[in-house]
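Got a structure for you, questions after.
The values are calculated or read from the model by the stated rules, or taken from the named source; none is laboratory data. Since we're looking at a predicted model, the values are computed, not measured. We place every Cβ from the backbone using ideal geometry, glycine too, and count neighbours over all the protein chains shown. These area figures cover heavy atoms from the full protein model, side chains too; ligands, DNA and RNA do not enter into them. Shrake-Rupley method; radii C 1.70, N 1.55, O 1.52, S 1.80 Å.
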Amino acid sequence: MSERRENKTILQLERVSRFYRTRGNVFRGGGRLVVALNEINLSLRAGEIFGLVGESGSGKTTCGRLIVRLEEADQGRITLNGEDITHLKGKKLREYRRQVQMVFQDPYQSLNPQVTIADSVAEPLITNKVGSPLDHMERVLKVLKTAGLSPAEDYVYRFPHQLSGGQRQRVAIARAIVLEPSLLVADEPTSMLDASYSAQIFEILQGVRDKMGATIMFITHSMASARYLCDRIGVIYRGHLVEQGPAEQVINAPQHPYTKALIDATPKFGRAAEVPTYGTLLAAERPANSSAGCPFFRRCALAERLLCAGTYPPWRQVGPEQVALCHLLEDAAPAVSTG
Amino acid sequence: MALLTVENLGIGYQTAKGLLKAVDGVNFTLEPGHSLGLVGESGCGKTTIGMALMGLLPPNGRITEGRIVLDGLEISAMSEDELRKVRWNKVSMIFQAAMNALNPVKRISAQMVEAIQVHRPEVSDEAALTRVEGLFNLVGLPLERLYDFPHQYSGGMKQRAIIAMALALNPKLVIADEPTTALDVIVQDQILKETKELQRQFNIGIIFISHDISIVADVCHQIGVMYAGQLVESGPAEEVFFNSKHPYTQALVSSFPTLAGPKTKLAPIPGEPPNLTGTIPGCRFCDRCPKDTASCKLDHPQWQEVGPGHHVLCDHC
Ligand SMILES: Nc1ncnc2c1ncn2[C@@H]1O[C@H](COP(=O)(O)OP(=O)(O)OP(=O)(O)O)[C@@H](O)[C@H]1O
Ligand SMILES: Nc1ncnc2c1ncn2[C@@H]1O[C@H](COP(=O)(O)OP(=O)(O)OP(=O)(O)O)[C@@H](O)[C@H]1O
Ligand code: SF4
Ligand SMILES: [Mg+2]
Ligand SMILES: [Mg+2]
C-alpha cells in the first residue's frame with residue numbers, strides 16, 4: 001500500500017471550530033453554546049483512508065459536514081490541495097462540491113423513496129451538467145458495478161423500498177462516487193449493517209480508493225472497523241482531537257487515556273474472559289471548575305489534578321507519526337506537527 | 001414450563017409481486033430468565049419475528065403458519081383486543097432506532113407516565129410517577145433529569161429511558177431490537193451490564209436482536225442464526241460462534257472485524273440472498289455456499305444435531 005501512497009497532503013484543517021447555539025427554553029432560560037468542534041488540526045494524505053473515531057456526539061458528523069461544505073466553520077481554515085475552501089460561495093462552492101462527496105449515516109433516509117435507483121445515481125451528473133444524457137446510463141451502470149451491485153441492469157429501475165439495507169447503502173455509495181470525487185467522506189456507512197455486508201462495503205471503499213484514487217475519511221465509532229479499513233486514525237473526544245497516528249499503532253499502543261478506554265470497552269469476540277477494566281476512565285464524571293484544562297479531565301482516571309484541571313495539555317510525539325494530547329506524556333518530545 | 005414456544009412459524013408480507021415469505025418454519029423455545037440472541041443478514045426476518053411476538057405486524061403482514069405461545073397463551077391466535085392485554089404487560093419491545101422516536105416536545109417523565117397509564121388506566125398520576133422514579137433508579141438515570149426533554153439527553157440516556165419504558169409494566173419477555181447500535185462502546189458496555197443485571201434480578205426472558213455478534217455472544221445464553229427467513233443454526237453461544245457448523249454462520253463469523261489477534265482479511269460472503277417471493281426448492285444458502293453440492297439445490301436440508309443442544313440446518317455438516 002505504502003508505495004502507492006504519496007505523502008502529499010490533500011485536505012487540511014487548521015484550528016477549525018464549529019459552535020451551535022441551542023435555542024433557549026422557558027424553563028431553563030437562554031440558549032447554550034455547544035462546542036461541536038474545538039480547534040481541530042487534521043490533514044488527509046492523497047489516497048489514504050483516514051478513520052475518525054469517537055463517542056456519540058463527539059463531533060464526527062460535524063467534521064464531515066464542514067469538509068464537504070454542507071456547513072461552514074466558525075473559526076479556522078480548511079484547504080483542499082492548498083486552496084482555501086472554508087468560506088467558498090456560489091459557483092466556486094458548486095465546483096468544490098463536485099470534488100468532495102459524502103455518504104450519510106442512515107441508508108434508510110439518504111435516498112429519495114420516489115426516485116428510481118438510476119435517477120438517484122444520475123442526479124449528481126445532471127445537477128452538475130456532466131456528460132450528455134446519453135452517457136449517463138453508461139456511467140450509472142459502471143458505478144453500480146463498482147459499488148458491488150451486479151448485474152447492475154437489475155437494479156436501475158428499482159425503488160429504494162425494493163432494496164435491502166445493504167443494497168441501499170451501496171446505491172448511496174454509487175451516488176457519491178459517480179462524479180469521481182477526489183475526496184469521499186463516509187459517515188458510519190456500515191453501522192446499520194451486518195458483518196458480511198460491512199465487509200463488502202469495506203472492499204468497495206478500498207476499491208474506490210485503489211481504482212479512482214480517491215482519499216477517504218471514514219467516520220465510525222468502531223475501533224475494530226477502523227482497524228480493518230484505515231491507514232491512519234484520529235480519535236476525537238467532545239470536539240477535541242486527542243490522538244492521531246497509523247491505525248495499527250493507535251490500536252496496539254494507544255497513548256491517550258481516552259483511546260485506551262475506547263479499546264478497553266470494545267467487546268472482545270472470542271475472549272469472553274477479557275472484560276473491560278476501565279483503568280483510564282472514571283465511572284462518574286468529576287466536577288471541574290475551570291474549562292481551561294484537559295478536555296478529558298472530568299472522566300480521566302489518571303488525571304493529575306492541578307495540571308490537568310487547569311492547563312490545556314500539549315501535543316506529544318509518542319511514536320513515529322503518532323501524536324497524543326496528554327500531560328502524562330511529558331517524557332515524549334513535543335509533537336512535530338499535529339496535522 | 002418454557003416462557004415462550006415458537007412452533008413452525010411462517011410470516012408473509014403481501015407485496016406487488018406476491019407473498020414475500022419473510023419468515024419460514026422457525027422453531028425455538030425460551031426459558032424464563034434466559035436470553036436468546038437472533039443474528040443474521042440484514043433482511044433475514046429478525047425484526048419481523050419480534051413484531052409477530054408483539055402482535056404488531058404491519059397491515060400487509062400476517063402469520064401464515066405455526067404458533068406462538070407465551071406463558072401458556074397462544075398469541076398467534078389472539079384478537080387485537082386480547083393482544084392489547086398482553087402487549088407491554090407480558091411482552092415488550094425495544095424497537096430498532098427507538099431512541100429517535102421519543103416525542104421531542106414532551107418531558108421524559110410525562111412520556112413514561114403516559115406509557116404506564118395507557119395500559120393501566122387505573123393507576124393514579126402519583127402512583128405512576130412513583131413507578132417512573134423507581135424505573136429511573138433501576139436503569140441508572142439521575143432523578144433530577146426526570147423533567148428534561150429528550151434533546152437534553154445524550155444518546156445513552158435516551159436509550160436508558162427506552163429500556164425503562166420497556167420494563168415499566170414488569171414484562172416477562174423483552175425483545176430488544178438493535179438496542180445499542182447507535183451508541184459508542186463505552187455507553188454500550190454500561191447498558192449491557194445493566195441489562196444483564198436487570199434480567200437476573202427480575203428473571204426476565206430476553207430476545208436480543210443484533211448484527212454485532214460480539215455483543216450477542218456476550219449477553220445471550222442461546223443463539224439462533226437466521227438466513228433468508230429460516231433459522232439455520234442454533235445452540236449455546238460458545239458452540240454456535242466458536243464451533244460453527246453451518247457454512248453461513250462460519251462465513252458470518254469470519255467477516256466480523258475484531259481488535260484482538262492477527263489482522264486477517266475479512267471475507268464478505270459473495271452473492272445475494274434468494275428472492276423470498278418465489279419458491280426455493282433446496283437450501284436457501286446454496287448459491288453462496290462453498291460446499292454447495294447437486295443435492296443442496298434440489299432437496300430441503302434437514303436439521304442435524306451436531307453437539308449437545310447444537311443444531312444445524314444442513315445435510316453436509
Ligand atoms: N444543528 C445542531 N444544533 C445544535 N447542536 C448540534 C447540531 N448538530 C450537532 N449538534 C451537537 O454537536 C455535537 C456534535 O454532534 P455530531 O453530530 O457531530 O456528533 P457525532 O460524533 O457525529 O455523533 P454520533 O456518533 O451520535 O453520530 C453534539 O453535542 C450535538 O448535539
Ligand atoms: N412491510 C413490509 N412489506 C414488505 N416487505 C417487508 C416489509 N417489512 C419487511 N419486509 C421484508 O421482509 C424481510 C425481512 O425484514 P426484517 O425487517 O424482518 O429484516 P431484519 O432481519 O430485521 O433486517 P435488518 O437487520 O436490516 O433490520 C426483508 O426482505 C424486508 O425487505
Ligand atoms: S492531560 Fe490529564 S486529564 Fe487529560 S488525559 Fe492526560 S492525564 Fe487525563
Ligand atoms: Mg454522527
Ligand atoms: Mg431489523
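All but one of (1) open to solvent by 10 Å² or more (accessible area, probe 1.4 Å); (2) within 16 Å of ligand 1 (Cβ to nearest atom); (3) within 14 Å of chain B (Cβ to nearest Cβ) hold for A:Asp154; which doesn't?
Every listed condition holds for A:Asp154 apart from (2).
Within the range A:202-219, is even one residue surrounded by 19 or more Cβ atoms within 10 Å (Cβ to Cβ), β-branched (Val, Ile, Thr), assigned to a helix (DSSP H, G or I) and within 19 Å of the chain's Cα centre (by Cα)? First the steps, then the outcome.
Step one: filter the range A:202-219 for residues surrounded by 19 or more Cβ atoms within 10 Å (Cβ to Cβ), giving A:202, A:204-205, A:208-209, A:214-219.
Filter once more, so that each one left must be β-branched (Val, Ile, Thr): A:204, A:208, A:215-216, A:219.
Of the ones still in play, those that are also assigned to a helix (DSSP H, G or I) are A:204, A:208.
When the remaining residues are screened for being within 19 Å of the chain's Cα centre (by Cα), the result is A:204, A:208.
Looking through the range A:202-219, at least one residue is surrounded by 19 or more Cβ atoms within 10 Å (Cβ to Cβ), β-branched (Val, Ile, Thr), assigned to a helix (DSSP H, G or I) and within 19 Å of the chain's Cα centre (by Cα).
Condition check: at pLDDT 85 or above and not assigned by TED's automatic domain parsing to the domain that holds B:Thr15. Does B:Leu252 satisfy that?
Details: at pLDDT 85 or above: yes; not assigned by TED's automatic domain parsing to the domain that holds B:Thr15: no.
Criteria not met by B:Leu252.
Can you tell me how many residues in the range B:30-82 are within 12 Å of the chain's Cα centre (by Cα), hydrophobic (A, V, I, L, M, F, W, C) and away from ligand 5 (no atom under 16 Å from the Cβ)?
Final tally of qualifying residues: 0.
So that you can scan it fast, the table gives a plain yes or no per residue for (1) of a type in the set (A, V, I, L, M); (2) open to solvent by 10 Å² or more (accessible area, probe 1.4 Å):
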{"site": "B:Arg160", "(1), (2)": "no, yes"}
{"site": "B:Ile175", "(1), (2)": "yes, no"}
{"site": "B:Thr180", "(1), (2)": "no, no"}
{"site": "B:Val216", "(1), (2)": "yes, no"}
{"site": "B:Val219", "(1), (2)": "yes, yes"}
{"site": "B:Ile223", "(1), (2)": "yes, no"}
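Moving on to the next point. Return the residue satisfying two criteria in turn: it lies in the range A:171-194 and is within 11 Å of chain B (Cβ to nearest Cβ) and open to solvent by less than 10 Å² (accessible area, probe 1.4 Å), and of such residues it is modelled with the highest pLDDT.
A:Asp194
Six or more apart or on different chains, Cβ atoms under 9 Å: show the pairs whose first residue is in the range B:62-74 and among the acidic types (Asp, Glu) and whose second is crowded, with 17+ Cβ neighbours inside 10 Å and outside any strand (DSSP E or B).
So the pair list comes out as B:Asp71/B:Leu3; B:Asp71/B:Val86; B:Asp71/B:Lys90; B:Asp71/B:Lys172.
Moving on. For the subset of the range A:52-85 comprising residues that are in a strand (DSSP E or B) and within 14 Å of chain B (Cβ to nearest Cβ), which member is farthest from the chain's Cα centre (by Cα)?
A:Gly54
Same structure, new question: Have a look at A:Pro124, A:Pro133 and point out the one that is within 26 Å of A:Lys211 (Cβ to Cβ), away from chain B (no Cβ under 14 Å), more than 16 Å from ligand 3 (Cβ to nearest atom) and open to solvent by less than 40 Å² (accessible area, probe 1.4 Å). Please lay out each step first, then the result.
Working: A:Pro133 fails: open to solvent by less than 40 Å² (accessible area, probe 1.4 Å).
Exactly one residue qualifies, and that residue is A:Pro124.
This table checks each residue for (1) under 21 Å from B:Val6 (Cβ atoms); (2) at pLDDT below 95; (3) open to solvent by 20 Å² or more (accessible area, probe 1.4 Å).
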site: B:Val69; (1), (2), (3): yes, no, yes
site: B:Arg87; (1), (2), (3): yes, yes, yes
site: B:Gln96; (1), (2), (3): yes, yes, yes
site: B:Val105; (1), (2), (3): no, yes, yes
site: B:Ile108; (1), (2), (3): no, yes, no
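Tally time: how many residues in the range B:1-44 are open to solvent by 50 Å² or more (accessible area, probe 1.4 Å), charged (D, E, K, R) and part of a loop (DSSP other than H, G, I, E, B)?
The number of residues fulfilling the criteria is 2.
Looking at this structure, is B:Ala176 of a type in the set (Gly, Ala, Ser), more than 8 Å from chain A (Cβ to nearest Cβ), touching a strand residue (DSSP E or B) at 6+ places or on another chain (Cβ under 8 Å) and on the phi < 0 side of the Ramachandran plot?
Working: of a type in the set (Gly, Ala, Ser): yes; more than 8 Å from chain A (Cβ to nearest Cβ): yes; touching a strand residue (DSSP E or B) at 6+ places or on another chain (Cβ under 8 Å): yes; on the phi < 0 side of the Ramachandran plot: yes.
Judged against the criteria, B:Ala176 is a match.
Now a separate question. Name the single residue that is most open to solvent (accessible area, probe 1.4 Å) among those in the range B:282-317 being hydrophobic (A, V, I, L, M, F, W, C) and assigned to a loop (DSSP other than H, G, I, E, B).
Of everything passing the filter in the range B:282-317, B:Cys317 is most open to solvent (accessible area, probe 1.4 Å).
Can I ask one more? Within the range A:301-332, can you find the residues that are farther than 28 Å from A:Phe50 by Cα and surrounded by 19 or more Cβ atoms within 10 Å (Cβ to Cβ)?
A:Ala303, A:Cys308
If the requirement is being free of Cβ contacts under 8 Å to residues at least 40 places away in the same chain and buried (at least 18 other Cβ atoms within 10 Å of the Cβ), which of these qualifies: A:Gly279, A:Gly245, A:Gly293?
Selected residue: A:Gly293, the only one of A:Gly279, A:Gly245, A:Gly293 that is free of Cβ contacts under 8 Å to residues at least 40 places away in the same chain and buried (at least 18 other Cβ atoms within 10 Å of the Cβ).
Shifting gears a bit: State whether one or more residues within the range A:301-308 are closer than 23 Å to A:Gly59 by Cα and not small (Gly, Ala, Ser).
Yes, because at least one residue in the range A:301-308 is closer than 23 Å to A:Gly59 by Cα and not small (Gly, Ala, Ser).
A follow-up question, please. Identify all residues within the range B:54-103 that are among the aromatic types (Phe, Trp, Tyr) and out of contact with any Asp or Glu (no Cβ under 8 Å at 6 or more places or on another chain); write none if there are none.
B:Trp88
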